[in-house]
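S.K.: I have a structure I would like to understand better, so I am pasting it below and will then ask my questions one at a time.
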Amino acid sequence: MSKFSWLECDPVKVGSDPTHKLEVEGGITDGGSVIVGMGARINSNNDFTTLALWVAPIQDDGTIGPATVQQFGSDPGHSLEASGQVGSQEVLTGVGMRAASGDLTTLVLYGRRLDANTGRLSTKVNTYKFGTAPDNALEVDWNSCDGAQTVVTSVGARCADGDVTTMVLGTGNVV
């Protein structure tokens with residue numbers, strides 16, 4: 001049993017069409033694990049087909065253990081166009097994305113350090129950029145507030161007309 005866990009909250013829906021049906025989605029249901037990274041792929045038809053989440057356990061001493069990859073989508077084993085992880089002992093607290101020409105070109109992950117003693121997230125948000133155009137403007141973007149104890153527990157997305165138009169993030173509060 002881990003020292004800390006999270007309790008599920010309402011999902012966050014962003015984008016130009018935030019309530020549209022998702023093409024890919026995946027997440028964790030075990031409050032003793034956290035997401036520490038992600039990656040995705042969009043095919044030539046401008047559909048998300050592959051989602052990978054790096055999931056790590058919160059260990060008995062409150063530290064974050066080694067991550068394993070969980071894959072989702074209609075083509076879960078396909079290579080990823082953009083992927084990455086947040087820093088050591090950090091938890092995923094937000095995601096941003098952009099697509100161009102049938103590819104996921106920009107992936108931004110936000111991470112905050114989990115204090116192994118208190119189970120609280122640090123107020124400092126670290127930003128990690130991935131993809132072939134990591135500094136491009138984002139089409140969808142969300143990060144928990146600095147003081148909030150909110151982590152990302154699932155990711156869902158849709159691409160239409162070459163843009164990421166829908167992103168739904170499941171969230172949970174660290175307890």
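S.K.: Can you spot a residue in segment 99-108 that is touching a residue at least 12 places away in the same chain (Cβ under 8 Å) and touching a His at 6+ places or on another chain (Cβ under 6 Å)? Step through it out loud before you land on a result.
M.R.: The first filter runs over segment 99-108 and keeps only residues touching a residue at least 12 places away in the same chain (Cβ under 8 Å), leaving 99-108.
Among the residues that remain, those that are also touching a His at 6+ places or on another chain (Cβ under 6 Å) are: none.
No - not one qualifying residue is present in segment 99-108.
S.K.: Taking the options Ser5, Ser88, Ser16, name whichever one is closer than 20 Å to Tyr128 by Cβ and polar (S, T, N, Q).
M.R.: Working: Ser5 fails: closer than 20 Å to Tyr128 by Cβ; Ser16 fails: closer than 20 Å to Tyr128 by Cβ.
Exactly one of Ser5, Ser88, Ser16 is closer than 20 Å to Tyr128 by Cβ and polar (S, T, N, Q), namely Ser88.
S.K.: With crowded, with 17+ Cβ neighbours inside 10 Å and acidic (Asp, Glu) as the only criterion, which of Asp17, Asp47, Asp10, Asp30 stands out? Please lay out each step first, then the result.
M.R.: Values: Asp17 fails: crowded, with 17+ Cβ neighbours inside 10 Å; Asp10 fails: crowded, with 17+ Cβ neighbours inside 10 Å; Asp30 fails: crowded, with 17+ Cβ neighbours inside 10 Å.
After ruling out the rest, the residue left standing is Asp47.
S.K.: Counting only residues that are hydrophobic (A, V, I, L, M, F, W, C) and under 16 Å from the mean Cα position of the chain (by Cα), which one in segment 43-62 is nearest to Arg120 (Cα to Cα)?
M.R.: Ala56
S.K.: In segment 134-141, is there at least one residue being surrounded by 21 or more Cβ atoms within 10 Å (Cβ to Cβ) and among the acidic types (Asp, Glu)? Lay out the reasoning, then the answer.
M.R.: Start the filter on segment 134-141 by keeping residues that are surrounded by 21 or more Cβ atoms within 10 Å (Cβ to Cβ), which leaves 139-140.
So of that shortlist, the ones also among the acidic types (Asp, Glu) come out as 139.
Yes: one or more hits.
S.K.: Being surrounded by fewer than 16 Cβ atoms within 10 Å (Cβ to Cβ) and in contact (Cβ under 8 Å) with a residue 60 or more places away in the chain is true for just one of Gly156, Gly87, Gly162. Which residue is that? Step through it out loud before you land on a result.
M.R.: Working: Gly156 fails: surrounded by fewer than 16 Cβ atoms within 10 Å (Cβ to Cβ); Gly87 fails: in contact (Cβ under 8 Å) with a residue 60 or more places away in the chain.
It is Gly162.
S.K.: Return the pair list, or none, for Cβ contacts closer than 6 Å from residues in segment 123-145 that are under 16 Å from Val12 (Cα atoms) and of a type in the set (D, E, K, R) to residues that are modelled with pLDDT of 95 or more and surrounded by 16 or more Cβ atoms within 10 Å (Cβ to Cβ), at least 6 apart or on different chains.
M.R.: From segment 123-145, the pairs are Glu139/Arg98; Glu139/Asp163; Glu139/Val164; Asp141/Gly96.
S.K.: I've got another one for you. Does any residue of segment 112-132 turn out to be among the aliphatic types (A, V, I, L, M), crowded, with 22+ Cβ neighbours inside 10 Å, under 24 Å from Asn45 (Cβ atoms) and out of contact with any helix residue (DSSP H, G or I) (no Cβ under 8 Å at 6 or more places or on another chain)? Steps first, please.
M.R.: So in segment 112-132, the residues among the aliphatic types (A, V, I, L, M) come out as 114, 116, 121, 125.
Next, only the ones that are crowded, with 22+ Cβ neighbours inside 10 Å stay: 114, 121.
Now restrict to residues that are under 24 Å from Asn45 (Cβ atoms): none.
So far as segment 112-132 goes, no, none of its residues is among the aliphatic types (A, V, I, L, M), crowded, with 22+ Cβ neighbours inside 10 Å, under 24 Å from Asn45 (Cβ atoms) and out of contact with any helix residue (DSSP H, G or I) (no Cβ under 8 Å at 6 or more places or on another chain).
S.K.: Checking Gly172 against (1) within 23 Å of Val69 (Cβ to Cβ); (2) assigned to a strand (DSSP E or B); (3) at pLDDT 95 or above, only one condition comes out false. Which one?
M.R.: (3)
S.K.: Looking at Gly65, Gly87, Gly77 in this structure, which one is within 16 Å of the chain's Cα centre (by Cα) and either within 15 Å of Ala157 (Cβ to Cβ) or not polar (S, T, N, Q) (or both)?
M.R.: Within the list Gly65, Gly87, Gly77, the selection yields Gly87.
The values are calculated or read from the model by the stated rules, or taken from the named source; none is laboratory data. The shown structure was predicted, so the numbers you read here are calculated from the model rather than taken from an experiment. We place every Cβ from the backbone using ideal geometry, glycine too, and count neighbours over all the protein chains shown.
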